[in-house]
Structures are given as C-alpha cells and as structure tokens.
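Have a look at the structure below before the remarks.
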Amino acid sequence: MPQNLNKTLRTLCEDIQESDIGKKFTFKGWVMHYRDHGGLIFIDLRDYSGILQIVFDENIDKESFKIAKKLKNEYVVSITGTVRKRPQGTENTGLKTGSIEIISESVDVLNTCEVLPFQIDEENDVNEFTRLKYRYLDLRSKRLKENLIFRSNFTYLIRDFLNNKGFFDIETPFLTKSTPEGSRDFLVPSRLNEGHFFALPQSPQLFKQILMVSGFERYYQIVRCFRDEDLRSDRQPEFTQLDMEMSFVETEDIISITEDLFALIFNKLLNIKLEKPFKVLDYDEAMDKYGSDKPDTRFELLINNLTDTFTNSALNVFKDNIQKGGVIKAICLPNGSNLLSRKDIDELLNIVKDFGAKGLAWTKVGENGLLEGGIAKFISDDEREKTVARLGAKNGDIIFYQSDSKKTAESVLGRLRLHLAKTYGLIPEGRFDILWVVNFPLFEYSEEEKKIVSVHHPFTSPAEKDLNKLENNPLSVKSDSYDLVLNGEEIGGGSIRIHDTKLQGKIFEILSISPEEAKAKFGFLLDALSFGAPPHGGIAFGVDRILMLLKNENSIREVIAFPKTQKAYCPLTDAPSVVKDIQLRELGIKLRETAGKNLKSE
RNA sequence: GGGGCUGUAGUUCAGACGGUUAGAACGCCGGCCUGUCACGCCGGAGGUCGCGGGUUCGAUCCCCGUCGGCCCCGCCA
C-alpha cells in the first residue's frame, strides 16, 4: 500500500524483492538497529513502508564504512547501494525483506538524533506520561503506527461506502451555542461579543437535523465532538464520531445501512464475516437478563428472576423486599465452588457494595442439586428445586442472589456478571459480538432533578404504538431509538427524530420545559422544523471506541495520535496553560481570586 | 467530589527492622569483533529515591501534606 512520492530519487524499503537483485537504489529512512561487527556493519533501515537490512563492508566502500561507524539509533540517512541475496543461512524469516540486503556504496547522514528518552518498540511498558511527552517517538513504534494506519483505512472505507450511497459530507460549526442539556460544555469566549461565549459542540445533533430540513436527505461527517467531563480509558474530552442523518427513513433503514457498513469494515479490515441481520435485543430483555443496556453477549452467566419462587421466603430480607415491590434475582457461576475461596466470596461482598448492593446472598450447589452454605438453610425444598431448575445450576456452581428494587438488583448483578467474567476468564478472546438494543424508554425519572428527563435527547421520537400513552403514562412510552453494542461497549446510537412541532411541544411539556425556555434553548431548531421538515432520523458512532475494540486495545489513547492524560492534560504541548493577562483583557475576562491557585508560570 | 494502585539511574524494575559505598537489565560512553538481525565480549559514566514538612542521633524507607500518573465510582449522546 505504501507509495513512493519521488520515484527517481528514492525507493521504499519494502518495495525491494528478490527480482531486484543486482540493481542499484537509494533508500531514505531511520536507523532502527545498529550492529557493528568490526569489519562489517549491519543496520536495519526503517521507512514508512517497512524494514530493510543494509550492509557496510570496508572492502566494498571505504567511505560508506567510515560514515557508518558513526551512525547511531534513529539517525536519518540516505543510502545508495546494490541489492544482493543474503548468504545462505543468514536469511531473516521475520522480515518481509529478509532474504535480501543492500550493500552500501554511499551514505549520507541527513540528520542525527539525541539519545532517546525511551527505546522505541521496547517490549517493556514505558510510563504513559513519558510516551505522551515524546509522542512523536512513541508513534514510530510498530504498534501505534499500525493503529493509526488502521484508523486511516477505517475512515477511508467509511467515506467511500457512504459517498457511494449518496451521502454528503457536510461540515458543521465548532463555535456554536451552549446548550444546558447533556454534558458540560467547553466554552470559548467571544472577543467581538464581550461577555458572550461559544460552546464547542457535544455533537452536531441540531445541525444535522437542520440539514435534513434543508433537503440534503443524506448527511454524514467524521467529526470531533467535545464534552467537558471526567476521563476514562474509553473517554477523552475530544473524541471523534461518525455522524449520520437521513430523511424519509425508518428505523429499519438505518439499521440496514449500518449493518452493511459494519459488515464491510469487518470484512475488509479484519477479514471477519459478520452475520446479517445482527442480533436485536429489547431494552427490557437486556436489563432483565444482562442487567445492562449494553450487554456483553460473549458469555452466558445470565440473570434470572426468582421473585415468584421466594414470595414466602423464610428470609425476611427476601420476603419484605418482595412485599415492597422488589425482586429477587440471581446469577449462577459455573464451577464457582472451585474457583472461589470463602475469602473470595467475602471480598465479593465489598465489591457489590460498591455497585450499590445492600448485601450479597449466595449458596453453593452440591450433589443432586442440594444447596449448601450461605443462605441455604433458609431455602425450602420447593424453593431450592425451582431455583436450581431455573438457573440450570449444577454440582460445584455458586449462585449469587440480589434482593432489591428491580433497577438496583439488575444493575448490581449486571456488574457482578462482568466482574466475575473478567476475573475468571469467561470472556472468549478474539471474538466480536455485535448487536442492537432497541425499544428504550423515551423518558426516565431523575431523582436528582426531581423531574422527567429524556433518556436519549428531547428530539427522539416516541414509538408510534405508544403515542396514546404520552398523556397519561409518559414513563411507559418507548422511543424509536437504537443502540449498537460491540462486546459490551456501546459503540453507536441514534433515533428517529420528531419532525412535528406539535409533538415536539408536547414532549417539552412532559419534560417541564416551558415554551419560552424551549425557544431560548432550541428556538432555531424548532423554527426549522416548522418549515416543512421531512421525517428523518440518524445515528452516531464512537470512532475511537470502535477502533479500540477492533485493535484489541485497552484504551482509546492507543488509537488517537495525540491523546490527553486522565486530567485532560497534554504532556507534549503542555496544554492547557495560563495565558497572558492582555489576552484575558481583550476578552473582558477576569479570573476569580480562587481560580488556579497553583498556576504554572508562563 | 470519592475509592484503589502507583512515583527509586535515560527506560523497565529490584531493594533495605530506619544505619555508613542504593543494585540489575536494557540504553548511553570507550574499546574489541566479517554474517549479525534484541549481535556478542571487555571496561566505564550515570541517582535531589516526585516535591514539601514532621518524627528521629540518622529518613529513599515511618507519619502528614502536596503534585503527577493509571484504573474505577460519581459525571458523560
């Protein structure tokens, strides 16, 4: 795939093959390894195509040899020499060019290199801060180079696919309006409008809908989004989305084009055939069986409902909870008795408490489906038989129970499920499980805000079948939305949007957003929707996260050229940093006394 | 905002009941070496033990604080 930009002057390392033996070429690149044998020197020359061995022999070219004596790692050199076959027995099967080598007839040092702060391509893990500070060196490593080239191929494939499907790549503003909904905005002060601020977009959501009103019908963009929230291994404050929107479509259309796109990506980039259509899981079922709206389906360990079994339980925690409307749910860890010591089980209690659990009931499964240990003595024969049957529990298994509200029990067991799977290696390597989660609730009740809020965003269309429930039972209304989940990570999501201003007004009403407030926040979108907005919908994908999963990396930092630390700091550029007082003055900004107590001086 | 782990040579790590010269490997510097490919061999240099304070006769080690890093919770379409 690498191409030579200057054919007459330079040849790329991996363009050379055995058929070139005897021919003379010029190569340019970096000294990757240097091996001095006294009268004979070898270097591995690296350019962006790959690696090629160069030999310096004092009997062949004294001048070359003299210069080569002074070469060091990562010097940049230009070498002219003749291709020859390596002597028998000295071939290197680990190299693409391992059967040949170049005998140098002339060498120029184009640049020298300081002693490196860390060794490139070392198998030791170098401190990530140091790697980020010298990111340009880290990017010379095979792994990161391959990741970024993979990323380039990935976005190319997407653009090619969508362009051919009649999509238009349209840019939307980075300097835009702050919206209080959603995550915290990055603010940018306006010099020409003192005291006013732009926000960097959390996503191009509103603009892509407006483009549908404009009649483009098919829009996409591979675009940076900004959210000022705390970082995680799969979250950076600036990240890249593949953003798409289409007019005159329904959920099935969006699902179908997404499946085609992902099948193509997996096929072309990983040589993996994805089965179409993808699995589809109802939100309720996902919560019920996996305790998560982004279920990891690569392993079983499903959650089961035992509420009906334990209505008359001798355990008051079970019985009282059920009477209060709670549930009893459980998962069964195969062979758990052998995997976990008593101490491990005790430690699990602390772990599930962090997940929000009040406790952790458990029983071991013995011979003939008898239960032992934990709460076994409080379980009647009838309860035991039903429990063992429902969970399919076998001798040696451990069953973990949660007695709590439906929401808490499911979320605790869902997280325990993932914890156990990771700890006891239940997740198969190298497998990709992709599926849709659909039928999300449109609203949920926010304890924090004491009001109904959108699960997705306020422009998500209610499912048509539930329109009649909007008035009386809004929390039971499902939305016309869909999430794409890969290996238990949400990699994309979208919805059919509301294109009717009347329905949109109704939604705002349910969300306790007054017409005035709606107008102030989203007036431009509401105006747009009132001028002949077509039915439309779309989806957006987390590009960094997808790449992380496809490349089997543990952090999105490994697929981003210049990522930030967990404090959103860039060690390479030392950003963010303090600015000159005059810059603030121009913006009409004065720092609070308490701001930046330990400012780094400029 | 909270929890966990962590900071010793350029890098990755070891280390000491609190005790006098803090080690190894790789890298670096010098030398030797004509078939290596993480070349090999010989020799050498290199450390405010993150920073500040405290306890102590004495702290890199113990205590407190602080800064940085990673993971997670909260937060996040």
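The values are calculated or read from the model by the stated rules, or taken from the named source; none is laboratory data. Since this is a predicted model, take the numbers as computed values, not measurements. With ideal geometry, Cβ positions are generated from the backbone for all residues, glycine too; neighbour counts draw on all protein chains shown. We work out accessible area using only protein heavy atoms, side chains counted, and drop any ligands, DNA or RNA first. Shrake-Rupley method; radii C 1.70, N 1.55, O 1.52, S 1.80 Å.
In terms of its alpha-carbon gyration tensor, the stretch A:13-111 comes out rounded; the largest-to-smallest axis ratio a/c stays below the 1.5 threshold.
Just to confirm the number: angle between the C-alpha axis of helix A:501-510 and the first principal axis of chain A, 0 to 90 degrees, nearest 10? Orientation of helix A:501-510: about 70 degrees from the principal axis.
The overall shape of the stretch A:469-602 is oblate: from the C-alpha gyration tensor, with semi-axes ordered a ≥ b ≥ c, the ratio a/c is 1.5 or greater and a/b is no larger than b/c. Across the stretch A:32-48, coupling constants 3J(HN,Hα) worked out from phi with the 6.51/-1.76/1.60 Karplus curve, θ = phi - 60°, read 8, 10, 10, 10, 9, 10, x, x, 8, 10, 10, 10, 9, 8, 10, 10, 6 Hz, and Gly and Pro carry x. Between A:Glu517 and A:Leu475, the C-beta separation translates, for a Förster distance of 30 Å, into a calculated FRET efficiency of about 0.90.
Note on A:Asn163 and A:Leu148: the model spin-label points, each 7 Å out from Cα along the C-beta direction, lie 2.3 nm apart.
Computed over protein heavy atoms with a 1.4 angstrom probe, the accessible surface ordering of A:Glu464, A:Glu14, A:Glu259, A:Glu516, largest first, is A:Glu464, A:Glu516, A:Glu14, A:Glu259.
Placing a pseudo-label 7 Å from each Cα along the Cα-to-Cβ vector at A:Asn271 and A:Glu429 gives an inter-label distance of 1.8 nm. In this structure the amide hydrogen of A:Ala199, modeled in the peptide plane, comes within under 5 Å of the amide hydrogens of A:Thr176, A:Lys177, A:Ser178, A:Val188, none closer than 5 places in sequence on its chain.
Only residues of the stretch A:186-202 count here: report those whose backbone N is under 15 Å from the spot 7 Å along Cα→Cβ of A:Arg585, or say none. None, by backbone N distance to the label point.
Order the peptides A:411-419, A:99-107, A:126-134 from the highest to the lowest mean number of other Cβ atoms within 10 Å of their residues.
The peptides rank, most packed first, as A:411-419, A:99-107, A:126-134.
Were the residues from A:Lys358 through A:Ala575 laid out at 0.36 nm apart, the gain over their Cα-Cα distance would be 73.8 nm.
Peptide packing for A:383-392, A:583-592 was compared via the average number of neighbouring C-beta atoms within 10 Å per residue; ordered from the highest value, the list is A:383-392, A:583-592. In order along the stretch A:475-487, the phi-based Karplus estimate (6.51 cos²θ - 1.76 cosθ + 1.60, θ = phi - 60°) of 3J(HN,Hα) comes to 5, 8, 6, 8, 10, 8, 9, 7, 10, 9, 10, 10, 6 Hz; Gly and Pro are listed as x. Annotation for A:Thr26 and A:Asn127: the two label points, set 7 Å from Cα along the Cα-Cβ direction, are 4.2 nm apart.
Put simply, the amide H of A:Leu281, placed in the peptide plane, has neighbours under 5 Å in A:Trp436, A:Val437, A:Val438, leaving out anything fewer than 5 places away on its chain. Reducing the stretch A:310-369 and the stretch A:156-230 to their Cα centroids gives an inter-centroid distance of 47 Å.
Taking θ as phi - 60° and the Karplus parameters 6.51, -1.76 and 1.60, the scalar couplings of the stretch A:250-267 work out to 10, 3, 4, 5, 5, 4, 5, 5, 5, 5, 4, 5, 6, 4, 5, 4, 5, 5 Hz in sequence order, x denoting glycine and proline. When each of the peptides A:270-283, A:84-97, A:521-534 is scored by how many other beta carbons lie within 10 Å of its residues on average, the order from highest to lowest is A:521-534, A:270-283, A:84-97.
Would you list A:Cys113, A:Cys13 from the most to the least accessible area, probe 1.4 Å?
Ranked list, largest accessible area first: A:Cys113, A:Cys13.
Between the Cα long axis of helix A:515-529 and the first principal axis of chain A there is an angle of about 60°, rounded to the nearest 10. The spacing between the stretch A:548-578 and the stretch A:467-524, judged by their C-alpha centroids, is 33 Å.
Were the residues from A:Phe174 through A:Asp500 laid out at 0.36 nm apart, the gain over their Cα-Cα distance would be 114.6 nm.
Residues A:Lys324, A:Lys469, ordered by accessible area of protein heavy atoms at a 1.4 angstrom probe radius and largest first, appear as A:Lys324, A:Lys469.
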